[in-house]
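Reviewing the structure listed below.
Just so you know, all these numbers are worked out from the coordinates, no wet-lab data involved. None of the values given here were measured: they were computed from a predicted structure. Positions of Cβ are generated from backbone atoms using ideal geometry, with glycine treated the same way; all protein chains shown enter the neighbour counts.
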Amino acid sequence: MARKAIYVIRNGEVKEKRPTPEQLEDLRPFWPDRASAQAVANSIAVGTRTYYYKIVNGKIKRSWSTVEVEPTKNLFTSKQQLDEHLSSMAESIDYTITRGTISIFYNGKSYNITAADKRFGKLKKACLNEDNAAILDLVDLESKVKEVSGVQNGKVVMQGHETEKGLTKKIVETVQADPEVIRKFNSRLAKNPSKSAKNLLKFLNHHGCCFLEDGRFVAYKYVNSDFTDRYTGKLDYSPGKTVTMPRNKVVEDPNKPCQSGLHVGTWEYVRSNSTIVAVVVDPYNVVSVPNDYGHQKMRCCKVESVVQIKSLIDKPVITMKELKDLGVKPNVILN
């Protein structure tokens, strides 16, 4: 049985095609749905091929037709239309808002922000205003961490040193609250002339060591009941006092414990003592973090005593006012 002929025009010339039944079925999608296979075989195409792009199950397929094709939401008659669609899809953000959670879907990733997160209110407002830039700024923490600190081999880095798990979590939480805090901390640490950066990061890895908004950090010191230091009894660490000593008088070698310097520690290191003050330290003023005691104490050349305290600070970032408000309230003597 002779094959039915179909005709197409290529480069202005009519070309005859005699497809097999299988080939004919392959050609059928390029004709109006109302046409039967027999009608297609007996028709003469009066136009050149029209190429189009269709998105099927997430994949792009390029096909052609000898009749006019109408664009749809998943079918595009030019490469430009396809590119514009893909660009808009890349920039689109879907979200769902419930009383306790906002779920963001963007570029193949999902982000869930709970009502306990400080970003919740701002994010909800950004979603309702369809402010895509603000939404991404609030949820894309990975990019922010890379910007203010750095990421190397999938780990957060500071001054070229990879951070450990506790500090990494703290940095991410701090970036959530205010990315500028980490930027300011890094700026202060970069100016430190001592070789203490790597061990300082190990010190900050401990629970209770949090950042201040200006880039300094909070540590702890145990003192006598009159707030003088336990070693000489001459240095006054009363809340509000700043204690200093010449930097060149502080022993920098981390392999030498219990040497000259203004000593502060982590909460774990000081918590068994009766009188403890929370102190604020500039990363620039950290001279040495000894290798002993699990990097839980350090020697500084300047320390600001802020408030007497009874428990560790369990948050990544704190303001000076919040820190002072945590202080032990003096007893009131009634006459």
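How much FRET efficiency would the formula 1/(1 + (r/R0)^6) give for K61 and K165, where r is the Cβ-Cβ distance and R0 is 41 Å, rounded to 0.05? Numbers along the way, then the final one.
Working: r = 46 Å, r/R0 = 1.11.
It comes out at approximately 0.35.
Over 22 Å between C-alpha atoms is what I'm after, so list which of K165/K297; K256/K302; K202/K297; K256/K297; K184/K249; K109/K184 land there. Working shown, then result.
Working: K165/K297 19 Å; K256/K302 20 Å; K202/K297 10 Å; K256/K297 12 Å; K184/K249 27 Å; K109/K184 30 Å.
The answer is K184/K249; K109/K184.
Taking Cα pairs under 8 Å and at least six residues apart, what relative contact order does segment 165-325 come out at, in percent?
30 percent
Multiplying the sequence separation of T319 and K122 by 0.36 nm and subtracting their Cα-Cα distance, what value in nm do you get?
On the way: separation 197, 0.36 × 197 = 70.92 nm, distance 2.01 nm.
So the chain would gain 68.9 nm between T319 and K122.
State the extension gain, in nm to one decimal, for the chain segment bounded by N273 and D94, taking 0.36 nm per residue of separation less the distance between their alpha-carbons. Please report the intermediate quantities before stating the final value.
Values: separation 179, 0.36 × 179 = 64.44 nm, distance 5.26 nm.
Taking 0.36 nm per residue and subtracting the Cα distance, the gain is 59.2 nm.
Which of rounded, prolate or oblate describes segment 183-294 when judged by the alpha-carbon gyration tensor and an a/c cut-off of 1.5?
Numbers: a/c = 1.44, a/b = 1.29, b/c = 1.11.
Rounded, because the longest to shortest axis ratio a/c is under 1.5.
Compute the distance in nm between two label points, each set 7 Å from the Cα along the Cα-to-Cβ direction, one at S238 and one at K198.
4.2 nm
At 0.36 nm per residue, minus the direct Cα-Cα distance, what do K256 and V328 gain on full extension? Give it in nm, one decimal, please. Intermediate values should be presented prior to the final figure.
On the way: separation 72, 0.36 × 72 = 25.92 nm, distance 3.44 nm.
Stretched fully, the K256-V328 segment lengthens by 22.5 nm.
Could you state the number of Å between the C-alpha centres of segment 210-271 and segment 166-209?
18 Å
Using a basic spin-label model with each label point 7 Å from the Cα along Cα→Cβ, how many nm lie between D131 and S311?
The modelled label-to-label distance comes out at 3.6 nm.
How big is the Kirkwood radius of segment 253-335, worked out from every pair of different alpha carbons and given in Å to one decimal?
On the way: mean 1/r = 0.0698 Å⁻¹.
Result for segment 253-335 stands at 14.3 Å.
Could you tell me, in Å, what Rg and Dmax come out for the Cα atoms of segment 92-139?
9.4, 26
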